[in-house]
Structures are given as C-alpha cells and as structure tokens.
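Encoded as structure tokens, the structure appears first; notes follow it.
Please treat every number below as a calculation from the coordinates, not as lab data. Predicted model only: the values in this text are computed from it and were never measured. No Cβ is skipped: glycine too gets one built from the backbone with ideal geometry, and neighbour counts run over all protein chains shown.
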Amino acid sequence: MLEQLKDIHRQAVEELDGVADAKALELWRVRYLGKKSSLTGALRSLAALPLEERRDVGARANEIKRDLESRLEEKERFLQQSLLTSPLASQGIDVTLPGRPIPTGRLHPITQTLNEICCVFRNMGFQTIEGPDVEWDYYNFEALNIPQHHPARDRFATLWIDAGAGAKARLLRTHTSPMQIRWMERERPPIRVIAPGRVYRYEATDATHESMFCNVEGLAVDRSITLADLKGTLFEFCRCLFGEERQVRFRCDYFPFVEPGVEVAISCAACDGAGCRVCGYSGWVETAGAGMVHPDVLRRVDIDPQTYSGFAFGVGVERISMLRHGIDDIRLFYSNDLRFLRQF
C-alpha cells in the first residue's frame, strides 16, 4: 500500500508540473484530490488493513494529501499571476507615451454667473448676506406686505412644509426677500445688501421656468434715495454683465412690497430681439423685478418712511446666464449633461 501511495504521489506531482491553465488544474484536482480519486480510495480502504500497517499507511496518505493540496494552492497563485503578467510581457508598455489626461472640475455655470453678479454689486458698495432656505410665513409673505388671502400670493406657487399655522407656518422660500426684513430688523440705515440663494416655486417647468432656481435680492435704504438711484444701479449692473450694446427696458409693474414697482427686461440674446421661445416672441426677457420699498414694509421694521426711503430688486440668475450665453432652455442647467456643462 505504501508503494502504491508513493506511485500516486509521484504521478500527481509530474502531471501538476505540466498543467498550464485553470481548466487543466481543475481536472487534476478532481483526479487526485476529488471524492473518487485514487488517494481518497486508499484512505477509505484503511479499515481493511491490520492495525499496525493501518497507522503507517494512514499517516503517509494524509501527508501526501496535504502536500498535494499545498502544491495545488501554489499552482493556482502561479497561474493567476501569469494571467496578469502575460499580456504585459507580450504587449509591453511604452513609458515614453504621455499619460491619460484627468479632467479637472469646474464651477457650474450658474455658480459662475452668481459669483459675477455678487462681484458687480460688491463693487457698487453692497454687502452680501445669506439666510435659510426654510422660511417662516411671516418673513416670506406677511412682513413683505403680503398677508393671508392677499391676491398677490397667487403669484407665488408655494411649497409648504406645515401650512395653516399663520405667520409661524414654514415653507421653502419663494424669494430671498425675507433676508431684507431680517437684516432691517437688526441693522439701522444706511443699508446696502444683496441676498443670493436658491428659491423654490411649485410650478410647471418650461424653457424659462424651473421649480428651483437662484435668486439675488438687493436692498438699499438711506436718506433721500429715489427711483433714479434704482435705475442707475440696475443700468450699471446690466452694463457690467452684458456690455453697452444690450438694450435695457423699464416698465411699470406691481409687487406688494414696493411702490412704485418696475419690471426690468433686457433684449433677448438668443434671437437678437427678433422673437423666439426664450423671450416669448417679444424680443425681451424679464430679468428683474424692482421698485421703491413700500412705506408699510419700513414701518414694520421700525424705520420711519418720512425720514428714510429705499429701493429693492430681485434678479433671476438663470435668466442672466441664458442671456449672456445665448441658451434657449433653462432646464439644460440642471440636466446633468456633461456635454453642455463642459462648455463653461
């Protein structure tokens, strides 16, 4: 029996040296270490041997089995390593070739435009402030002269968090104007601030409307501020962002928190004023709502409207970016299409 085990071991080792792939290795394993292998059969026949011979044969058989299992693991590692290194050895690597370029990240086009807008107003003496996205009804509506059941609330398709609790109801802010109230509550004139941030509206999306967009609200309060100061500020803003050739139009409009109110529109860059779907075939794109701060808003924050006056404005960042780059659909900014974003 010992001679038989010796022959099995020698034959297994010789065959293992000739194994060249994983399939052949598996066949070898089944032949010499499987349930029906000659080595397993020898171990099962130990019961028929005399006690003394059984001890020696069993010890030798287990020793051979452990040796073959060890050689099997070593062969598996060798074949796996060969599988990795053989393509490299056959193809070679040209270390003189330049590496593959790794694209660097960049700011989103809306972030770029927002930074430029803030820079323009900062150069005109405005301070940048920020506030919460989740706002109280009081600051978003009531303090801005838009109380409960006011018809102007129909213009704000609001995303409520807990409606029905009056001024303490919470919502996703529909504009960043609440920061005007928060700032006037804690600071006294003169005031010159802008409040950039995301705002939210529950409305259908189209080429010029999104349910979430960026807004920049501005506020200036001081003695003897007039509508001419507002027009001069917004003309300078448009000149800095769009150049001298772009036309700017002021028209009367209504906003509850300003009186009088104006709409600021810029000639459409997508069609050069000829009319397209971006401008609603009018040749103009509304970019801002503005006006003189309503006296009731000033009184609510304990600022005497007989002594102080001010102006406020709100600018849509996406529309500014559309005008600057000739983009005809606001939804492209948030479609996550890298082909579009890599252009900026």
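Of the peptides 312-320, 11-19, 100-108, 192-200, the ranking by mean beta-carbon count within 10 Å, highest at the top, reads 312-320, 192-200, 11-19, 100-108. Build a GNM of the chain with springs between Cα atoms under 10 Å apart, and of V258, V293, V57 the one that fluctuates most is V57.
Sorting the Cα pairs of the range 128-266 by distance into bins of 5 Å, from 0 upward, gives 2, 9, 16, 21, 21, 17, 10, 4, 1, 0 percent per bin.
Amide H to amide H, with H built 1.01 Å from N, T128 comes under 5 Å of I194, counting only residues 5 or more places away or on other chains.
Rank the residues M322, M179, M124 as a footprinting-exposure proxy: fewest other Cβ atoms within 10 Å of their Cβ go first. Before the final figure, lay out each step's value.
Numbers: M322 27, M179 23, M124 15.
By the 10 Å Cβ count, ascending: M124, M179, M322.
Lacking any other cysteine beta-carbon closer than 4.7 Å, the following Cys residues of the chain have no compatible partner: C118, C119, C214, C238, C240, C252.
For the chain, how many pairs of lysine residues have a Cα-Cα distance under 16 Å, where the two are 8 or more positions apart or belong to different chains? Walk me through the intermediate numbers first.
Details: K6/K65; K23/K75; K35/K65; K36/K65; K65/K75.
Number of lysine pairs found: 5.
A simple rule links phi to the HN-Hα coupling: the Karplus curve 6.51 cos²θ - 1.76 cosθ + 1.60 with θ = phi - 60°, which for the range 237-242 gives 4, 5, 5, 5, 8, 10 Hz, with x for Gly and Pro.
Using a cut-off of 10 Å between beta-carbons, work out the net charge of the residues near I330 (Lys and Arg +1, Asp and Glu -1, I330 not included).
-3
Dividing the summed -39500 (n - 2.57) terms of all DSSP H runs of n ≥ 4 by the residue count of the chain sets its mean residue ellipticity at 222 nm at -12500 deg cm²/dmol. As a proxy for reagent exposure, R122, R182 were ordered by neighbouring Cβ count within 10 angstrom, fewest first; the result is R122, R182. For R223, neighbours were defined as the other residues whose beta-carbon sits under 14 Å from its Cβ, and their charges (Lys and Arg +1, Asp and Glu -1) total -1. Less than 5 angstrom separates the built amide H of F255 from those of G261, all sequence-distant by 5 or more or on a different chain. Just need the Rg to Rh number for the range 286-344, please, alpha carbons only, Kirkwood Rh. We get a ratio of 1.29 for the range 286-344.
Hey, fewest Cβ within 10 Å first, where do S37, S224 land in order? It would help to have the intermediate numbers written out before the result.
On the way: S37 18, S224 8.
Ranking S37, S224 by Cβ neighbours within 10 Å, fewest first, gives S224, S37.
Hey, got a sec? Which GluC sites (Glu not before Pro) in the range 212-253 land in a DSSP loop and have at most 14 other Cβ atoms within 10 Å? Qualifying residues, ordered by number: E244, E245. Taken as Cα centroids, the range 21-42 and the range 152-203 sit 77 Å apart, rounded to the nearest whole angstrom.
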